[in-house]
Amino acid sequence: MARYTSGLVLAGALLQGGLVSAQANRDVALPSGNVTAVTCPSTAKFNTISASAHFAGMNPGWNLGNTLDAVETEGSWNNPPVVPSTFDDIKNAGFKGVRLPVTYAYHYKTQAPDWTLDPVWLQRVSDVLDQITSRGLYVITNVHHDSWTWADYTQANANVTAIEERLYKTWVQIGQKLACKGEKVAFETINEIPGTTEAHGKEVNRLNNIMLQAINQAGGFNPKRVVNLVGSREDGEQTSLWFEPPDAKYKNPWGIQYHYYSPYDFIFAAWGKTTWGSDADKATLEADIARVRGNFSGIPLIIGEWAASPVATETAARWRYFDFFVRTAAKYNTSTVLWDNGADFLNRATHQWRDTVALDIYINAQKGIANALPDSTTDGSATSQKSSAYLYHKKNTTVSDQTLPFLFNGNQLQKISVAATKKILTKGQHYTVEGESITFKSTFLSTILTPTSPTGSLANLTLEFNRGAKLNVDVLQYSTPVLGRTSSALPATSVDLLIPITWAGQNRPATVKAVRADGTYLFDSWTTVLGPLQQGRMTYGTWDWDGSNVILKASVLDAVRAAGQTTKFTIEFYPREPGNVAEYTITV
């Protein structure tokens, strides 16, 4: 993953001067060696295709994240070794391609100068590729977290020549092992290689050429294989500024891969940003994608990673983001590959998707089919947040009619059913429709929200339309969660602070606000310029939660210690409304 900076800078000088060969970057020759080129058997088949055809074949795509790319090896990052049935799940869900990230850093049998890769690991990569392509899926594979474990040439003590030699020898061996794979297998130079300057960008151009030289020398079908070339951090802005096409002697069909995680505050749950979908939000996203396309007119483009995680984002906002992002990418002829770390979307053990609506929206949007969507708060000046993905009811209050607004987008509501029982609701009796708003009748809701009903999700209502994704409305009863304690003294040393909590509704915080005793914010004092729902809020990662606790990370305690002030933490819950909070104080 990378954090993508919104607001691309037009590479004016680059465009005016034309795209020139990366060979001009350095006078130093590319690494090379005596390579035994693979000759493929006559039984091996390869149908030459363009990069555009491959990218189209990948679309929509899915990332096998945190698996073969895990540090140090497959299984290290909470995902078990992948099994073939996972790719059945992917194909059955409607995906057409898989990006297979692979980290090689911990799989060398020898060190410099040979950098011999473990043949067992290479065979594992080959076997997983076969599992993917045998199901008719396209695939992109790469060199992944090597980008920061050993290939970060931006470090002050980096030996760039040694890094280039190692990348070359790594790709020679990958190229030899995979030389006779079919045309559905494409290569990507390296994942999100660090870089912030023009000089860094020029070095990435060299790395692209090094990969091309290595795979061409490795033989087999590699000289005809589609390749994904990259820019610094696989960031759209930096790629636009400094990418240069490869040496013309390489005849591989090529396109550009970049990644998109924007806006940062929404995607990464920073500063209390739990809303998305305003006209300004949409305009910024479209401008970003349009500008990359404008900078690379006629060049195949693929967004190899993007996501709005169910862990970090509010449901209705996430569904709206999925729909608009995918449609906008399609508008600018850019393929998309969803990042999935194993905890966000597909539960590989149960074969279940954690957010089936987001998946349905993705597949339909990619096909150009209009989706109905839940309405939700998008106004940055709002003091509360509404979401039509939920029908919230506060426990011990009167059950009344509830009206939820939607965005039908030209669709017509066909029916509403209770997901668990498949019971179809009767229009007029259980609900009414006026314009694009649905009112659920109190007489129906009272059968779910009874005096003895617990807090939490009590029913899911499925909304089906004449086309597009089915929507879900979660009937959820809530009260304000209760903390097991409300204060503690700052400990002598900083460790994660677990605050016991009894959940009472949607079992997760929305955000956490931190205010020092003098009234200033513990983090990011500049957030005073943001709206009421964002000011003083911390970024997810400084706080977390589990089934029994809200967790303040050790870095938060470090900040309290540095400030030398008692600090109050306001833990906010969904629905975000006045009073639905719990307060915790760390005293100094």
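The values are calculated or read from the model by the stated rules, or taken from the named source; none is laboratory data. What you see is a predicted model; the values in this text were computed from it and never measured. Cβ coordinates were reconstructed from backbone atoms using ideal geometry, including for glycine residues, and neighbour counts include every protein chain displayed. Calculation scope for accessible area: heavy atoms of the full protein, side chains included, ligands and nucleic acids excluded. Shrake-Rupley method; radii C 1.70, N 1.55, O 1.52, S 1.80 Å.
Show me the strands (runs of 3 or more DSSP E) entirely contained within the range 420-500 in which 2 or more residues are farther than 30 Å from Tyr584 by Cβ and either open to solvent by less than 70 Å² (accessible area, probe 1.4 Å) or modelled with pLDDT of 95 or more (or both). Walk me through how you get there before you give the answer.
On the way: elements: 431-434, 437-440, 456-465, 471-478, 487-489.
Counting at least 2 such residues, we get 431-434, 437-440, 456-465, 471-478.
Are any residues in the range 341-361 surrounded by 22 or more Cβ atoms within 10 Å (Cβ to Cβ) and in contact with a strand residue (DSSP E or B) (Cβ under 7 Å, 6 or more places away or on another chain), and if so, which ones? Steps first, answer last, please.
We begin by selecting, within the range 341-361, every residue surrounded by 22 or more Cβ atoms within 10 Å (Cβ to Cβ); these are 345-346, 357-358, 361.
Matches in the range 341-361: Phe345, Leu346, Val357.
Taking only pairs six or more apart or across chains, which ones have beta-carbon atoms under 6 Å, a first residue in the range 460-479 that is free of Cβ contacts under 8 Å to residues at least 60 places away in the same chain and among the β-branched types (Val, Ile, Thr), and a second residue that is assigned to a strand (DSSP E or B) and surrounded by fewer than 23 Cβ atoms within 10 Å (Cβ to Cβ)?
As it stands, the answer is Thr462/Ser417, since those pairs meet every condition given.
Tell me the residue from Glu244, Glu237, Glu203 that is farther than 19 Å from His145 by Cα, more than 24 Å from the chain's Cα centre (by Cα), acidic (Asp, Glu) and not in a strand (DSSP E or B), please.
Numbers: Glu237 fails: more than 24 Å from the chain's Cα centre (by Cα); Glu203 fails: farther than 19 Å from His145 by Cα.
Within the list Glu244, Glu237, Glu203, the selection yields Glu244.
Rundown of residues vs (1) hydrophobic (A, V, I, L, M, F, W, C); (2) surrounded by fewer than 16 Cβ atoms within 10 Å (Cβ to Cβ); (3) closer than 20 Å to Tyr264 by Cα, yes/no style:
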residue	(1), (2), (3)
Asn507	no, no, no
Ala510	yes, no, yes
Asp524	no, no, yes
Val529	yes, yes, yes
Leu533	yes, no, yes
Thr539	no, no, yes
Asp546	no, yes, no
Ala559	yes, no, no
Phe569	yes, no, no
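Has the range 301-316 got any residue that is part of a helix (DSSP H, G or I), out of contact with any helix residue (DSSP H, G or I) (no Cβ under 7 Å at 6 or more places or on another chain), open to solvent by less than 30 Å² (accessible area, probe 1.4 Å) and modelled with pLDDT of 95 or more? Even if it seems obvious, please write down each step before you answer.
Of the residues in the range 301-316, the ones part of a helix (DSSP H, G or I) are 315-316.
Checking the rest, the ones that are also out of contact with any helix residue (DSSP H, G or I) (no Cβ under 7 Å at 6 or more places or on another chain) come to 315-316.
Now drop any that are not open to solvent by less than 30 Å² (accessible area, probe 1.4 Å), which leaves 315-316.
Restricting the remaining residues to those that are modelled with pLDDT of 95 or more gives 315-316.
Yes, because at least one residue in the range 301-316 is part of a helix (DSSP H, G or I), out of contact with any helix residue (DSSP H, G or I) (no Cβ under 7 Å at 6 or more places or on another chain), open to solvent by less than 30 Å² (accessible area, probe 1.4 Å) and modelled with pLDDT of 95 or more.
So which pairs qualify, if the first residue must be in the range 32-55 and closer than 22 Å to Val139 by Cα, the second must be open to solvent by 40 Å² or more (accessible area, probe 1.4 Å) and aromatic (Phe, Trp, Tyr), the Cβ gap must be under 6 Å, and the two must be at least 6 apart or on different chains?
Pairs that qualify, where the first residue is closer than 22 Å to Val139 by Cα and the partner is open to solvent by 40 Å² or more (accessible area, probe 1.4 Å) and aromatic (Phe, Trp, Tyr), are Ala51/Trp254.
Regarding Glu286, is this residue within 23 Å of Asp265 (Cβ to Cβ), open to solvent by 40 Å² or more (accessible area, probe 1.4 Å) and not aliphatic (A, V, I, L, M)? Spell out the reasoning first.
Numbers: within 23 Å of Asp265 (Cβ to Cβ): yes; open to solvent by 40 Å² or more (accessible area, probe 1.4 Å): yes; not aliphatic (A, V, I, L, M): yes.
Considered against the rule, which asks whether it is within 23 Å of Asp265 (Cβ to Cβ), open to solvent by 40 Å² or more (accessible area, probe 1.4 Å) and not aliphatic (A, V, I, L, M), Glu286 comes out as yes.
In the list Asn341, Asn371, Asn364, which residue meets the criterion of being modelled with pLDDT of 95 or more, farther than 30 Å from Phe444 by Cβ and not aromatic (Phe, Trp, Tyr)? Give the derivation first.
Working: Asn371 fails: farther than 30 Å from Phe444 by Cβ; Asn364 fails: farther than 30 Å from Phe444 by Cβ.
None of the others qualify; the one that does is Asn341.
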